[in-house]
Amino acid sequence: MRTLRSHAGRLALLAVVVLLAAAVYAVVVPERAGAGSDDGGDWAGTWYAAPVGAEPGGDSARTVRNVLHTSLGGSRARVTVSNLFGHTPLDLRHTTLATVADPARTMRTLTFRGLARVSVPAGGEVVSDPLAFEVPASGDLYVSVYAAGPVTWHPGAQQTSFVAPGDVDRAADPGVFAQVTSAWRYVTALDVQGPGAAAGSVVVFGDSITEGVGSTPGADRRWTDVLAGRLRGPHAALDPGDGSAPRAVLNAGIGGNALLARFAGPSGVERFQRDALSRAGVRTVVVELGINDLLGGERDAGALLAGMRELVRVGHARGVRVLGTTLSPCGGVRGCTGSVQRVRGSVNSAIRGGGVYDGVVDIDRVLRDPYAPRSLWGPYDSGDRLHPSDAGYLAMGRGVD
């Protein structure tokens, strides 16, 4: 059994890791897409993809047409292009923005400090100049990037995008793009200005369950999509009672990600500043992390709870409310042993009891089989005993108060 002193030591280490992660991010990013206003009012994120790593062998000159599904509409837009995981500069040659519904009419060139072509330093990112553009709420956009050099990507998009050789980012004909891909490349954020931006955004910060693994690809049936739809409704979730509920939802999920361990990309503790607190207009973060730590060998409930509380502490220092989910059922999953279930139960009891997060989204109770509560309920199971189906994600999104 670990001592209280060892728990305190791990908590101190977590605090140091969070501070170091914030410091490194501040050094390598030349400009950040913050919430501050220019002459057009507040900015809020409408779409986000957490960068995961560098695509192997992805440095040839080509055009990537990323398909982005928005949550909040607006009248001006800006796009972030990342070279976070590159070890050499990215030659960003040309970038366009268009609606999927009418690319020929809406296609616009994005500029970066007035230039269409820029070099993005290794470890950095660039934010496009604000562009007058009618961004639809719950609509699909093309962000097409013609570039050469290292590729920072998010491989588990649950969305179909397109790739073509050469400079075709201005092509309106979708037939030009013969190659399909399930990854997002280069683009990590889309922010908007407009009437709903002042209310800010919710960042859902999690693993493959937040990423939407198990949902129908390209159908936008993640639980974050369901939540975004509810926030646009007349009785919005997360409304404190004064009508000030955020209207945008940003998905900061990474498949395989863990709270404490580096299983896929940086750990949740390490990336919290970048992928949650640095998002434009963030007001609330919902943390859905921890089950991968348990499946990967972590057996210390105290360490997990300390990590969760550290995220809350850092969020509060930025004036952000931090909600959290319980750990989802895993019965039948390889590695979900009796000891895992016992620790999962202890963590969930502590979360439900208060003193961890500012509020609780109890996905364990939403998803579990009423007759076998350590396992996913059959209709909510995508087939692997861990990731929800479309119906399960619908129930999760509806379970946010």
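The values are calculated or read from the model by the stated rules, or taken from the named source; none is laboratory data. Predicted model, so just to flag it, every value in this text is computed and none were measured. Here Cβ is always computed from backbone atoms with ideal geometry, including for glycine, and neighbour counts include all displayed protein chains.
Can you find even one residue in the range 367-375 that is part of a loop (DSSP other than H, G, I, E, B) and buried (at least 21 other Cβ atoms within 10 Å of the Cβ)?
Within the range 367-375, none of the residues are part of a loop (DSSP other than H, G, I, E, B) and buried (at least 21 other Cβ atoms within 10 Å of the Cβ).
Could you list, in sequence order, all residues of the range 148-200 that are buried (at least 23 other Cβ atoms within 10 Å of the Cβ), more than 30 Å from Arg321 (Cβ to Cβ) and aliphatic (A, V, I, L, M)?
The one that is buried (at least 23 other Cβ atoms within 10 Å of the Cβ), more than 30 Å from Arg321 (Cβ to Cβ) and aliphatic (A, V, I, L, M): Val151.
Would you mind telling me which numbered condition in (1) modelled with pLDDT of 95 or more; (2) under 17 Å from the mean Cα position of the chain (by Cα); (3) at negative phi Arg247 fails?
(1)
Considering each of Gly256, Gly319, Gly229 in turn, give the residue that is outside any strand (DSSP E or B), in the same structural domain as Ser382 (by TED's automatic domain parsing) and more than 19 Å from Gly45 (Cα to Cα).
Just a single option satisfies the conditions, and that option is Gly256.
Identify, from the list Ala44, Ala98, Ala77, Ala49, the residue that is in contact with a Phe, Trp or Tyr (Cβ under 8 Å, 6 or more places away or on another chain), buried (at least 18 other Cβ atoms within 10 Å of the Cβ) and not assigned by TED's automatic domain parsing to the domain that holds Pro174.
Just one listed residue meets the conditions, Ala49.
Which of the residues belonging to the range 100-133 are over 22 Å from Phe85 (Cα atoms), of a type outside the set (A, V, I, L, M, F, W, C) and in contact (Cβ under 8 Å) with a residue 40 or more places away in the chain?
Matches in the range 100-133: Pro103, Thr109, Asp129, Pro130.
Val180 is checked against (1) at pLDDT 95 or above; (2) not in a strand (DSSP E or B) and fails just one. What number does that condition carry?
(2)
Residue by residue through the range 116-136, note down the ones that are within 22 Å of Ala104 (Cβ to Cβ) and crowded, with 17+ Cβ neighbours inside 10 Å.
Of everything in the range 116-136, those that are within 22 Å of Ala104 (Cβ to Cβ) and crowded, with 17+ Cβ neighbours inside 10 Å turn out to be Ser128, Phe133, Val135.
Name the one entry in Ser208, Ser278, Ser267 that is within 24 Å of Phe162 (Cα to Cα), at pLDDT 95 or above, of a type in the set (S, T, N, Q) and surrounded by fewer than 24 Cβ atoms within 10 Å (Cβ to Cβ).
Ser208
Scanning for something surrounded by 22 or more Cβ atoms within 10 Å (Cβ to Cβ), assigned to a helix (DSSP H, G or I) and either in the same structural domain as Ala248 (by TED's automatic domain parsing) or out of contact with any Ser or Thr (no Cβ under 6 Å at 6 or more places or on another chain) (or both), does the range 331-338 turn up at least one residue?
No, there is no match, as no residue in the range 331-338 is surrounded by 22 or more Cβ atoms within 10 Å (Cβ to Cβ), assigned to a helix (DSSP H, G or I) and either in the same structural domain as Ala248 (by TED's automatic domain parsing) or out of contact with any Ser or Thr (no Cβ under 6 Å at 6 or more places or on another chain) (or both).
What is the one condition in (1) in a helix (DSSP H, G or I); (2) in contact (Cβ under 8 Å) with a residue 60 or more places away in the chain; (3) within 17 Å of Val361 (Cα to Cα) that Val312 does not satisfy?
(2)
Would you confirm, using the coordinates I've provided, whether Gly307 is over 19 Å from Met396 (Cβ atoms) and in a loop (DSSP other than H, G, I, E, B)?
It is false that Gly307 is over 19 Å from Met396 (Cβ atoms) and in a loop (DSSP other than H, G, I, E, B).
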